[in-house]
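J.: One structure, pasted below without further comment.
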Amino acid sequence: MVSTGGSGPFGKVKTESSDWADMVDRFQKSALDSRLGIPLIYGIDAIHGNNSIYGATIFPHNVGLGATRDADLAQKIGEATALEVRASGIHYTFAPCVAVSRDPRWGRCYESYSEDTVIVRKMTSIVTGLQGQPPPKHPKGYPFVAGRKNVIACAKHFVGDGGTDGGINEGNTILSYEELERIHMAPYLDCISRGVSTIMASYSSWNGRKLHADHFLLTEVLKDKLGFKGVVISDWRGLDRLSEPRGSNYRYCISSAINAGIDMVMVPYRYKLFVEDLTSLVESGEVQMARIDDAIERILRVKFAASVFEFPFANRSLLDTVGCKLHRDLAREAVRKSLVLLKNGKDLKNPFLPLDRNAKRILVAGTHANDLGYQCGGWTADWKGSSGNIAIGTTILDAIKEAVGDETEVVYEQYPSTETLARRDFSYAVVAVGEEPYAETLGDNSELVIPFDGVDLLSSVAGCFPTLAILISGRPLVLEPWLLEKIDALIAAWLPGSEGGGIADVVFGDHDFEGKLPVTWFKRVEQLPLHAEMNAYDPLFSLGFGLTCNKE
Ligand SMILES: OC[C@@H]1[C@@H](O)[C@H](O)[C@@H](O)c2nc(CNc3ccccc3)cn21
């Protein structure tokens with residue numbers, strides 16, 4: 001069973017882990033009472049913590065983790081996420097996304113660790129965190145889940161989801177097989193070596209062929225050549241997208257996908273029709289029983305590996321791990337390490353950061369200074385996320401207030417008034433601007449400008465006071481030279497999640513900046529796609545760029 005887009009226990013807005021455990025266990029009891037008594041697995045998109053559940057630790061989205069390049073950190077985040085997911089009775093997360101995002105216009109770029117395959121490959125360590133470390137002699141290609149504190153993982157979306165033409169979500173990746181293998185397929189070999197239990201097919205196409213119906217890539221390459229012995233799962237209504245109009249000729253769609261190598265299908269609505277049609281296809285011989293046997297064998301293999309036969313129900317002893325200090329401290333460390341310092345002072349001899357925590361009076365402003373939903377981004381609480389107190393955590397404003405000295409006055413105005421801008425008694429200003437949360441195609445964007453009049457806000461404040469700009473976004477956005485000149489310092493904070501304290505830790509000098517750009521920062525959208533492998537590479541900030549505060 002699958003929860004997507006915020007679906008969960010009925011009747012509750014801020015559902016908690018125990019509510020989910022109650023719900024999943026009820027479904028599980030029905031499964032065990034069925035004819036064969038085979039336990040179900042319950043899946044959810046726990047992609048930056050157990051992000052659908054209120055009170056869960058919300059980690060930075062993958063683009064921020066890519067800026068850390070820290071494989072050990074990613075593994076620890078996987079371990080923490082697995083605990084919080086199992087506490088809610090859920091066995092399976094549709095994570096990690098190992099897309100190699102080659103164009104920031106893509107609405108899912110923040111789910112990708114990097115435009116650089118090497119960085120994405122490094123961050124697949126999260127699979128080991130989620131599932132556990134396979135023993136040395138574990139057979140290659142076979143799924144592995146260590147125990148009740150681990151979850152079934154899902155590498156997605158196979159293959160080339162981040163390489164579509166124009167960054168169009170669910171679009172077409174136009175590459176030779178060699179380029180597809182080198183750029184987009186490489187991280188899957190690492191996931192398979194780590195014992196990943198499932199791999200999700202991409203909605204996108206390769207050279208005009210839909211991945212969900214591509215026998216060559218799903219079976220001949222993934223299963224035969226790479227030896228993957230886990231489950232290939234479809235995306236949500238991925239089969240419906242195999243025909244036009246979407247969902248028509250469903251029997252043909254089912255036949256194409258199952259024969260291509262899809263083993264498990266996400267059918268949220270028309271599941272009865274699915275069962276009828278597939279049964280009919282097997283009876284007619286259009287789908288061979290051997291294909292069904294292969295799919296069932298893989299599904300049972302994952303369920304046995306995940307010990308759901310032995311332990312089908314929620315492990316409620318883990319409930320006290322949800323949002324615990326250990327996990328929040330880990331998330332705060334991840335935030336610290338993800339921040340990329342793009343500008344520090346109007347000349348190198350006068351660095352602007354770290355800020356004076358004992359300044360007399362500071363102004364905090366901007367749409368993203370006091371909005372937990374904005375700093376968490378999409379796939380938080382529900383599918384596309386939202387503004388407001390949708391999680392438990394610390395906003396940038398909260399963090400600044402906690403970090404400054406007792407004598408320091410913090411004045412907060414989302415949009416500073418003319419009276420405030422006319423004052424001359426602020427030591428400096430911190431202005432947080434950025435994108436509103438988005439998911440999938442809703443995030444496709446070819447302008448990539450800072451929304452909510454963020455540029456005007458930055459300009460008006462920086463025209464009055466020394467100003468640190470913090471950009472909360474899933475990707476690089478347009479930064480005009482005049483604006484860069486006007487502000488005193490600039491941090492790319494990506495989508496940091498619940499622990500805004502990590503930003504204050506670095507801004508006030510308790511820790512230095514470590515983050516390096518995981519993606520190219522373009523000058524103009526007309527340059528796109530623009531990545532470090534290209535000959536004509538003229539970015540505003542290169543892949544790997546990032547300043548530090550210390551002199552050496
Ligand atoms: O949530 C399940 C999957 C997810 O794992 C995939 O990465 C993603 O491509 C995906 N998209 C949908 C469809 N999105 C949706 C959003 C709100 C309500 C219903 C469906 C589901 N899923």
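The values are calculated or read from the model by the stated rules, or taken from the named source; none is laboratory data. Remember, predicted model here, so these are calculated numbers, not experimental data. Heads up, the Cβs are rebuilt from the backbone with ideal geometry, glycines too, and the neighbour counts pull from every protein chain shown. Each accessible area value is taken on the protein alone, full model and side chains, heavy atoms only, with ligands, DNA and RNA left out. Shrake-Rupley method; radii C 1.70, N 1.55, O 1.52, S 1.80 Å.
J.: Report whether or not Lys360 is free of Cβ contacts under 8 Å to residues at least 40 places away in the same chain and surrounded by fewer than 20 Cβ atoms within 10 Å (Cβ to Cβ).
T.: no
J.: When the residues of the stretch 17-34 are filtered to those that are surrounded by 19 or more Cβ atoms within 10 Å (Cβ to Cβ) and over 21 Å from Ala153 (Cβ atoms), which remaining residue is nearest to the ligand (Cβ to nearest atom)?
T.: Ranking the candidates gives Met23 first.
J.: Does the stretch 35-58 contain any residue that is in contact with a strand residue (DSSP E or B) (Cβ under 7 Å, 6 or more places away or on another chain) and more than 16 Å from the ligand (Cβ to nearest atom)?
T.: yes
J.: Something else about it: Can you tell me which of Gly323, Gly373, Gly366, Gly378 is within 16 Å of the ligand (Cβ to nearest atom), open to solvent by less than 40 Å² (accessible area, probe 1.4 Å) and within 30 Å of the chain's Cα centre (by Cα)?
T.: Details: Gly323 fails: within 16 Å of the ligand (Cβ to nearest atom); Gly373 fails: within 16 Å of the ligand (Cβ to nearest atom); Gly366 fails: within 16 Å of the ligand (Cβ to nearest atom).
On inspection, the qualifying residue turns out to be Gly378.
J.: Still on this model: Out of Leu300, Leu348, Leu339, report the one residue that is open to solvent by 10 Å² or more (accessible area, probe 1.4 Å), aliphatic (A, V, I, L, M) and closer than 30 Å to Ile487 by Cβ.
T.: Leu348
J.: Quick check on the stretch 152-188: of everything there that is part of a loop (DSSP other than H, G, I, E, B) and within 17 Å of the chain's Cα centre (by Cα), which residue is surrounded by the fewest Cβ atoms within 10 Å (Cβ to Cβ)?
T.: Asn169
J.: Quick check: is even one residue across the stretch 52-60 under 16 Å from Ala331 (Cβ atoms), touching a Cys at 6+ places or on another chain (Cβ under 6 Å) and surrounded by 24 or more Cβ atoms within 10 Å (Cβ to Cβ)?
T.: Looking through the stretch 52-60, at least one residue is under 16 Å from Ala331 (Cβ atoms), touching a Cys at 6+ places or on another chain (Cβ under 6 Å) and surrounded by 24 or more Cβ atoms within 10 Å (Cβ to Cβ).
J.: Give me the pairs: first residue in the stretch 271-294 and under 18 Å from Ala260 (Cβ atoms), second residue in a loop (DSSP other than H, G, I, E, B), beta-carbon distance under 7 Å, and six or more apart or on different chains, which are they?
T.: So the pair list comes out as Phe274/Val265; Phe274/Val267; Leu278/Val287; Leu281/Val287.
To keep it simple, each residue is scored yes or no on (1) assigned to a helix (DSSP H, G or I); (2) touching a Leu at 6+ places or on another chain (Cβ under 6 Å).
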position: Ile390; (1), (2): no, no
position: Tyr412; (1), (2): no, yes
position: Leu421; (1), (2): yes, no
position: Pro437; (1), (2): no, no
position: Ser446; (1), (2): no, no
position: Pro496; (1), (2): no, no
